[in-house]
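Working notes, structure below.
The values are calculated or read from the model by the stated rules, or taken from the named source; none is laboratory data. Being a predicted model, the structure only gives us computed values, none of them experimental. Using ideal geometry, Cβ is built from the backbone for each residue, glycine included, and neighbour counts are taken over all protein chains shown. To get the accessible areas, we keep the full protein, side chains included, count just its heavy atoms, and leave off ligands, DNA and RNA. Shrake-Rupley method; radii C 1.70, N 1.55, O 1.52, S 1.80 Å.
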Amino acid sequence: MLIDDYDLELFTPPCHPGEEKWSAIARLKVDISEVLPYLNATLRGAVYNQAAQALTWKKGGRNTAFHPYKIAASNLNDRTEAEQIIQGLIKTVNRTWENRAEIEPNFEQRQRPTPMALFKLLPNINCRQCGQPTCFTFALKLVANQQKLEDCPPLLTPEYLDRLTQLQELVIDAPAIG
Ligand code: SF4
């Protein structure tokens, strides 16, 4: 196990005192920088900066960041959720570290695609089958990892196969863990 102990800090951001949203920081006793390329290879949509020894990841509207001695998460609803999310992130790090022999580490610094780059490849018929009012809203959700390409039925038809292939290269550039 890489991380077996940490100190947890929970707080509301000082720039928004009294705000309902919480942030959490786990202060680690060990340096986890070696696991970052493995997380980069396995967390969908992660953005790794090798020079800065930092990896950021957006999931479910939450922002998370992994640093050598720190894991941080923001946009959390309450203390309980903050504790659960941090525990989940710690488990992810430990599981990735334990499975590292089966993972090809990825040192590439990916750029998150812009909503407009994704939007240009979507059908642009605003049919709402994905649950979003417009294709551009869907593109915004894709960038935030809140929807998947498979949520757009027209994109899965032969007519849009070329575009789907291009989008898969932009959006799905790594398999997700678990
Ligand atoms: S299902 Fe696809 S085509 Fe329809 S609105 Fe959503 S993104 Fe656009």
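In the chain, the longest principal axis of the Cα atoms and the axis of helix 79-98 are about 90 degrees apart. In the chain, the ratio of gyration radius to Kirkwood radius, Rg to Rh, stands at 1.01 when only Cα atoms are counted.
With the cut-off at 32 Å, tell me which of the pairs K70/K120; K21/K91; K29/K148 have Cα atoms farther apart than that. If you can, show how the numbers build up before the last one.
Details: K70/K120 37 Å; K21/K91 23 Å; K29/K148 36 Å.
From the list (K70/K120; K21/K91; K29/K148), the Cα-Cα distance tops 32 Å for K70/K120; K29/K148.
Computed about its Cα centre, the charge dipole of the chain is approximately 440 debye, with only Lys, Arg, Asp and Glu carrying charge at their Cβ. Across the protein chains, with a 1.4 Å probe defining accessible surface, the residues K59, K21 rank K59, K21 from largest area downward.
Given the options T42, T56, T12, state which has the largest fluctuation in a GNM of the chain using a 10 Å cut-off (strictly under) for Cα springs. Looking only at T42, T56, T12, the biggest GNM fluctuation is shown by T12. How much of the accessible area of the chain, in percent, comes from carbon and sulfur atoms when a 1.4 Å probe is used? Of the solvent-accessible surface of the chain, carbon and sulfur hold 50 percent.
Over the chain, what relative contact order in percent results from Cα pairs under 8 Å that are six or more residues apart?
Details: 303 pairs, mean separation 40.3, N = 178.
This gives 23 percent for the chain.
The relative contact order of region 6-102 comes to 28 percent, based on Cα pairs under 8 Å that sit 6 or more residues apart.
For I90, the solvent-accessible surface with a 1.4 Å probe is about 10 Å², rounded to the nearest 10.
Charge dipole (Cα centre; +1 on Lys/Arg Cβ, -1 on Asp/Glu Cβ; no other charges) of region 115-171 amounts to roughly 200 debye. Solvent exposure of E34, expressed as accessible area, is near 130 Å², computed with a probe of 1.4 Å over the protein chains only. Convex hull volume of the C-alpha atoms in region 115-171, normalised per residue: 64 Å³. According to the Cα-based calculation, Rg over Rh for region 6-102 is 0.97, with Rh computed by the Kirkwood formula. May I ask you to list the residues of region 58-102 whose amide nitrogen lies under 18 Å from a point 7 Å from Cα along the Cα→beta-carbon direction of F11? Taking a point 7 Å out along Cα→Cβ of F11, the residues of region 58-102 whose backbone N falls under 18 Å are 63-67, 69-80, 82-83, 86.
Relative to the longest principal axis of the Cα atoms of the chain, the long axis of helix 161-171 lies at roughly 20 degrees.
Dividing the convex hull volume of the alpha-carbon atoms in region 89-149 by its residue count gives 127 Å³ per residue.
As a test of the formula, what do you get for the chain when each DSSP H run with n ≥ 4 contributes -39,500 (n - 2.57) and the sum is divided by the residue count, at 222 nm and rounded to the nearest 500 deg cm²/dmol? Write out the running numbers ahead of the final one.
Values: 5 runs with 52 residues, N = 178.
Value at 222 nm, helices only: -8500 deg cm²/dmol.
Across region 115-171, Cα pairs under 8 Å and at least six residues apart give a relative contact order of 34 percent.
What the chain shows is 56 Å² of accessible area per residue, with the surface traced by a 1.4 Å probe over protein heavy atoms.
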